[in-house]
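The values are calculated or read from the model by the stated rules, or taken from the named source; none is laboratory data. All of these numbers come straight from a predicted model, not from anything done at the bench. Because the Cβ atoms are built from the backbone with ideal geometry, glycine has one as well, and the counts that use them run over all protein chains shown.
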Amino acid sequence: MPIKYDDIESYQFHDKDAPDRCFICTKKSEKTLVLRQISSMKLVHLCQECICENINDYLLDNTRPWLGEKGNL
Ligand SMILES: [Zn+2]
């Protein structure tokens, strides 16, 4: 049975974010990570270089459980 979240609003990506490039430097990168921009509280994709240089403005946000069946709990 799929889990329904009440907090879907909290997991929206930034309007200008794209999954295949870095939000800050806009370089295409396959190794982007999803972080939360503190100023907007929206999720963005960042390359590792920009994460290191802007770590004070972004938060890692991996607190949400995965959807779907991943075994018996
Ligand atoms: Zn970057």
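Observations
- Those strands (runs of 3 or more DSSP E) lying entirely in the chain with at least 3 residues modelled with pLDDT of 80 or more and touching a Lys or Arg at 6+ places or on another chain (Cβ under 9 Å): 42-46, 58-60
- Subset of segment 46-58 [under 17 Å from R21 (Cα atoms) and more than 9 Å from the ligand (Cβ to nearest atom)]: C52, Y58
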